[in-house]
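J.: Handing you a structure now.
The values are calculated or read from the model by the stated rules, or taken from the named source; none is laboratory data. Here the structure is a predicted model, which means the values were calculated and not measured. Virtual Cβ from ideal backbone geometry, glycine too; neighbours counted across all protein chains shown.
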Amino acid sequence: MSVVIPTRNRPELVGRAVASALGQDFSGIEVIVVVDGEDGETSEVLRGISDARVRVIKLAESVGGAEARNIGVRAAHGEWVAFLDDDDEWLPHKLSRQVTGRSHAAWPVVSSRMIVRSGEREMERPLRRYEPKRPVSEYLFCRKLVGDGPYALQTSTLMVRRELMLAVPFRKGLRRHQDWDWVLRAEPVAGVEFDVIEEPLVIYGADCGRERVGRSEDWPFSMEWGREMRGYFSARAYSWFLATECMTRAVKSRAGLKVYAEILRRFVFDGEPSPGSAAMMVVFLGLPRGIRERMRGVARGMRHSGARMAVGMELRNAGQ
């Protein structure tokens, strides 16, 4: 098993990520850290890790996270490759659960749920379940609750055969949507089958003192990427993508009525609006941000109350 960790200018984070990979209860792993460009502080941190399982590849120039992962894959010796972003962590049984829980398809793509950590708050995501008979684009984008979020099949959850990664590498040059782009392009490959372990196995650092690339309000990039990748979406998923990724970013950027109208046009005529995606579009387009945040808070509270009720029922049943 090979673990690939791309990193750049995160010396305070990468050591923690490496430690979580080395702390797996799965034997026979190598950890390949790809330093994406000149980065003395990160290199110094990595020199302090005295474990023969760790290999460090230092790139002379930055090539971006996608290509840094590809370089790590090409250098890997394992039959399987698992990816870990430098600002995320794995729980100690992540790899062992995924190996034992994978399907027997020719090319399994194994993922899991995650714990999204934001400040002192931790949330299990995504709330929706993966349904194998539905297009993977619908698992990525079609939500059931406002607070569910875009946390399906995130890079740090993925475990894939190295041979598949060599055949379908990450697309170089993408500054956003790298994991979604790869998942959508992998789905049509004969023998690919997605498995999602319902247990959360990854801790996703939602705020680590800097912004993730994916948080930028770059709606033109998302619009163009979605247009280019339209053939990989179901019509229903495409409308959800426009509502949750493009309209929300355009509104945050105050892009203007002309942009909102274009997104709505594509939402209606290039996709297949559902009551849920239409409601989400109205939420993002028509409601003030403060009200949207309160709605998310209510949704989270309902989710947590349901979890507490379920735990209480289990305790009562155990006592009978």
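J.: Can you tell me which condition GLU293 does not meet? The list is (1) surrounded by fewer than 20 Cβ atoms within 10 Å (Cβ to Cβ); (2) more than 20 Å from ARG176 (Cα to Cα); (3) modelled with pLDDT of 85 or more, and all the others hold.
T.: Answer for GLU293: the failing condition is (3).
J.: Moving on to the next point. Regarding ALA190, is this residue assigned by TED's automatic domain parsing to the domain that holds ALA17, farther than 26 Å from VAL116 by Cβ, touching a residue at least 12 places away in the same chain (Cβ under 8 Å) and over 20 Å from the mean Cα position of the chain (by Cα)?
T.: Answer is yes for this residue.
J.: Please go through region 166-187 and pick out each residue that is hydrophobic (A, V, I, L, M, F, W, C) and assigned to a helix (DSSP H, G or I).
T.: LEU166, ALA167, TRP180, TRP182, VAL183, LEU184, ALA186
J.: If we keep just the residues of region 188-220 that are at pLDDT 95 or above, outside any strand (DSSP E or B) and of a type in the set (A, V, I, L, M, F, W, C), which is surrounded by the fewest Cβ atoms within 10 Å (Cβ to Cβ)?
T.: So, considering only residues that are at pLDDT 95 or above, outside any strand (DSSP E or B) and of a type in the set (A, V, I, L, M, F, W, C), the one surrounded by the fewest Cβ atoms within 10 Å (Cβ to Cβ) is ALA190.
Let's see how each residue does on (1) modelled with pLDDT under 95; (2) in a helix (DSSP H, G or I); (3) within 20 Å of ARG175 (Cβ to Cβ); (4) under 23 Å from the mean Cα position of the chain (by Cα):
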{"residue": "MET223", "(1), (2), (3), (4)": "no, yes, yes, yes"}
{"residue": "GLY231", "(1), (2), (3), (4)": "no, yes, no, yes"}
{"residue": "SER239", "(1), (2), (3), (4)": "no, yes, no, yes"}
{"residue": "GLU245", "(1), (2), (3), (4)": "yes, yes, yes, yes"}
{"residue": "ALA255", "(1), (2), (3), (4)": "yes, no, yes, no"}
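J.: Mind checking which pairs have a first residue in region 78-98 that is under 22 Å from ASP207 (Cα atoms) and a second that is in a strand (DSSP E or B) and at pLDDT below 95, Cβ under 7 Å, 6 or more apart or different chains?
T.: Short answer, once both residue conditions are applied: ASP87/GLY205; ASP88/GLY205.
J.: Looking at region 150-165, is at least one residue assigned to a loop (DSSP other than H, G, I, E, B), without any contact (Cβ under 8 Å) to a residue 60 or more places away in the chain and among the small types (Gly, Ala, Ser)?
T.: The answer is yes, given that some residue of region 150-165 is assigned to a loop (DSSP other than H, G, I, E, B), without any contact (Cβ under 8 Å) to a residue 60 or more places away in the chain and among the small types (Gly, Ala, Ser).
J.: Any chance you could count how many residues in region 229-276 are under 22 Å from TYR151 (Cα atoms) and β-branched (Val, Ile, Thr)?
T.: Residues flagged as under 22 Å from TYR151 (Cα atoms) and β-branched (Val, Ile, Thr) within region 229-276 amount to 3.
J.: Please list, ordered by first then second residue, the pairs with beta carbon atoms under 7 Å, 6 or more apart or interchain, first in region 19-35 and more than 13 Å from ILE49 (Cα to Cα) and not assigned by TED's automatic domain parsing to the domain that holds ASP87, second surrounded by 18 or more Cβ atoms within 10 Å (Cβ to Cβ) and at pLDDT 95 or above.
T.: Pairs found: none.
J.: Another question, if that's okay. Under 8 Å between Cβ atoms, at least 6 apart or on separate chains: pull out the pairs that start in region 38-57 with a residue that is at pLDDT below 95 and in a loop (DSSP other than H, G, I, E, B) and end on any residue that is of a type in the set (Ser, Thr, Tyr) and surrounded by 15 or more Cβ atoms within 10 Å (Cβ to Cβ).
T.: ASP39/THR7
J.: Tell me which strands (runs of 3 or more DSSP E) are completely within region 79-148 and hold 3 or more residues being of a type in the set (S, T, N, Q), or say none if there are none.
T.: Because the criterion is at least 3 residues that are of a type in the set (S, T, N, Q), the strands (runs of 3 or more DSSP E) in region 79-148 that meet it are 107-118.
J.: Looking at (1) more than 18 Å from VAL202 (Cα to Cα); (2) aliphatic (A, V, I, L, M); (3) not in a helix (DSSP H, G or I), can you tell me which one ALA68 breaks?
T.: All conditions are met except number (3).
J.: Go through (1) crowded, with 18+ Cβ neighbours inside 10 Å; (2) within 24 Å of ARG134 (Cβ to Cβ) one by one and return the number of the condition GLU228 breaks.
T.: With respect to (1) crowded, with 18+ Cβ neighbours inside 10 Å; (2) within 24 Å of ARG134 (Cβ to Cβ), GLU228 is out only on (1).
J.: So how many residues does region 161-181 have that are within 27 Å of GLU122 (Cα to Cα) and surrounded by 20 or more Cβ atoms within 10 Å (Cβ to Cβ)?
T.: Within region 161-181, residues that are within 27 Å of GLU122 (Cα to Cα) and surrounded by 20 or more Cβ atoms within 10 Å (Cβ to Cβ) number 4.
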